[in-house]
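**Student:** Take a look at this one; I'll ask things after.
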Amino acid sequence: MTTITHRRASAGLILCLAWPAAALELPQGARMLTETTSEQSSYRLPTGPWQDEGGIPSARVEGAVTRQAWRIDGQSATTLQLLAPLRAQLLSDGFEVVFECAASVCGGFDFRFETEVLPGPAMYVNLTDYRFLSARRTGADAEAVSLLVSRTSSAGFVQIIRVGTGEEAPDPVTATLPTDPAPEPGSLARELERAGHVVLPDLDFASGSSDLGDGAVESLDRIADYLQANPQRQIVFVGHTDATGSLDANIALSRRRAEAAVRYLDRRHGLDGSRVSAEGVGYLAPLASNLSDEGRRRNRRIEAVLSSTE
């Protein structure tokens, strides 16, 4: 994985933010095309979609601002598949998503040209195929982050803007996803509400398989109970694989695993595609090292992501 590292700067004027000790990871082969750092600067962090009156709602944050653009050649991942592992890393590092949108939901042309975008050719934005995310972390290690992801037919593009302040730079480390055991089924609803996503601990796939079998799956039954008790909620099942095989094959396999969870809820609980959907990110967001049998087993999983609260 490619590691993004940062350094600290002096205190901000409006929001006191601190650089994290952990770094974001991008897929292997990612190349940083540009980076700028302003020790004392400000950034308008978008907090909602573009509106006819008022444009993009935003929060002004000040401090050290680092802007980066990355290119990932030779891949066919969707913008969601590019964004999902980065979102997962931010959530695992204590961030809360403030705002997330895709293309037309963001405001299409108007959002793209009103928010800050690094100039080409370092950053490319397809007006019909991009995703944006704002996140914040509060407390002693407070920070603000925005991610903008788009793609061409042969390459992905990621813009990362981070705002933070502090005294001295921590030793850069590689960000890792949580290694703690997945929560028990009884805590699935609480974890969904707290973190926005949860690993379904009893969906255990053999290598290369997307078969759930014919028996009951307690975690999916709990998800069904949660959705029935909260009719305004929607869930995206995100499939994951180990790193055996090509990325394209693993993305397809991970989506089939997620689709198996969707079919289970439809078959057993009558929850159709209007409430649940499926995506796959292959091996792009591991929970553990793929160098061991146990690590590969843990990486073959399904996560439930809370995608709507309205």
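**Student:** For LEU200, only one of the following conditions fails: (1) in the same structural domain as PHE237 (by TED's automatic domain parsing); (2) within 15 Å of the chain's Cα centre (by Cα); (3) modelled with pLDDT of 80 or more. What is its number?
**Tutor:** Status for LEU200: all satisfied but (2).
**Student:** Identify all residues within the stretch 220-251 that are crowded, with 22+ Cβ neighbours inside 10 Å and either closer than 15 Å to ALA304 by Cβ or without any contact (Cβ under 8 Å) to a residue 40 or more places away in the chain (or both); write none if there are none. Give the steps one after another, and end with the answer.
**Tutor:** Going residue by residue through the stretch 220-251, those that are crowded, with 22+ Cβ neighbours inside 10 Å are 220, 223, 235, 237-242, 250-251.
Passing the criteria: LEU220, ILE223, ILE235, PHE237, VAL238, GLY239, HIS240, ASN250.
**Student:** Only residues that are in contact with a helix residue (DSSP H, G or I) (Cβ under 8 Å, 6 or more places away or on another chain) and either buried (at least 16 other Cβ atoms within 10 Å of the Cβ) or part of a helix (DSSP H, G or I) (or both): list them for the stretch 73-83, please.
**Tutor:** Within the stretch 73-83, the first condition is being in contact with a helix residue (DSSP H, G or I) (Cβ under 8 Å, 6 or more places away or on another chain), and the residues that meet it are 75-77, 81.
Answer for the stretch 73-83, where residues must be in contact with a helix residue (DSSP H, G or I) (Cβ under 8 Å, 6 or more places away or on another chain) and either buried (at least 16 other Cβ atoms within 10 Å of the Cβ) or part of a helix (DSSP H, G or I) (or both): GLN75, ALA77, GLN81.
**Student:** Examine the stretch 52-72 for a residue that is at pLDDT 90 or above, in contact with a Cys (Cβ under 7 Å, 6 or more places away or on another chain), surrounded by fewer than 19 Cβ atoms within 10 Å (Cβ to Cβ) and not small (Gly, Ala, Ser), and state whether such a residue exists.
**Tutor:** no
**Student:** Exactly one of these conditions fails for ARG112: (1) of a type in the set (D, E, K, R); (2) closer than 19 Å to VAL238 by Cβ; (3) surrounded by fewer than 20 Cβ atoms within 10 Å (Cβ to Cβ). Give me its number.
**Tutor:** (2)
**Student:** Please determine, by comparing only the residues of the stretch 105-120 that are in a loop (DSSP other than H, G, I, E, B) and more than 17 Å from LEU45 (Cβ to Cβ), which one is modelled with the lowest pLDDT. Spell out how you get there, then give the answer.
**Tutor:** Applying the first criterion (in a loop (DSSP other than H, G, I, E, B)) to the stretch 105-120 yields 107, 115-120.
Next cut, more than 17 Å from LEU45 (Cβ to Cβ) only: 119-120.
On the way: PRO119: 87, GLY120: 82.
Result: GLY120.
**Student:** With the structure loaded, tell me whether GLY215 is surrounded by fewer than 21 Cβ atoms within 10 Å (Cβ to Cβ) and touching a helix residue (DSSP H, G or I) at 6+ places or on another chain (Cβ under 8 Å) or whether it fails that test. Break it down into steps so the answer makes sense when it comes.
**Tutor:** Details: surrounded by fewer than 21 Cβ atoms within 10 Å (Cβ to Cβ): yes; touching a helix residue (DSSP H, G or I) at 6+ places or on another chain (Cβ under 8 Å): no.
No, not satisfied.
**Student:** While we're on this one: Among the residues of the stretch 121-134, which ones are over 20 Å from THR47 (Cβ atoms) and not polar (S, T, N, Q)?
**Tutor:** Of the residues in the stretch 121-134, the ones over 20 Å from THR47 (Cβ atoms) are 121-124, 126-129.
Matches in the stretch 121-134: PRO121, ALA122, MET123, TYR124, LEU127, ASP129.
**Student:** Any chance the stretch 289-296 includes a residue that's in contact with a Pro (Cβ under 8 Å, 6 or more places away or on another chain) and surrounded by fewer than 23 Cβ atoms within 10 Å (Cβ to Cβ)? Show your work before the answer.
**Tutor:** Our first condition is that a residue be in contact with a Pro (Cβ under 8 Å, 6 or more places away or on another chain); within the stretch 289-296, this holds for 295.
Narrowing the set further to residues that are surrounded by fewer than 23 Cβ atoms within 10 Å (Cβ to Cβ) leaves 295.
Yes: the stretch 289-296 contains one or more residues that are in contact with a Pro (Cβ under 8 Å, 6 or more places away or on another chain) and surrounded by fewer than 23 Cβ atoms within 10 Å (Cβ to Cβ).
Rundown of residues vs (1) more than 21 Å from the chain's Cα centre (by Cα); (2) more than 21 Å from LEU26 (Cα to Cα), yes/no style:
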| residue | (1), (2) |
| --- | --- |
| LEU212 | yes, yes |
| GLN234 | no, yes |
| PHE237 | no, yes |
| THR241 | no, no |
| ILE251 | no, no |
| SER307 | no, yes |
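**Student:** Which of (1) in a strand (DSSP E or B); (2) under 27 Å from GLY29 (Cβ atoms); (3) among the charged types (D, E, K, R) does GLU62 not meet, given it meets every other one?
**Tutor:** (2)
The values are calculated or read from the model by the stated rules, or taken from the named source; none is laboratory data. Because the structure is a prediction, the values reported are computed rather than measured. Quick reminder, even Gly has a Cβ in these numbers, built from the backbone with ideal geometry, and neighbours come from all protein chains shown.
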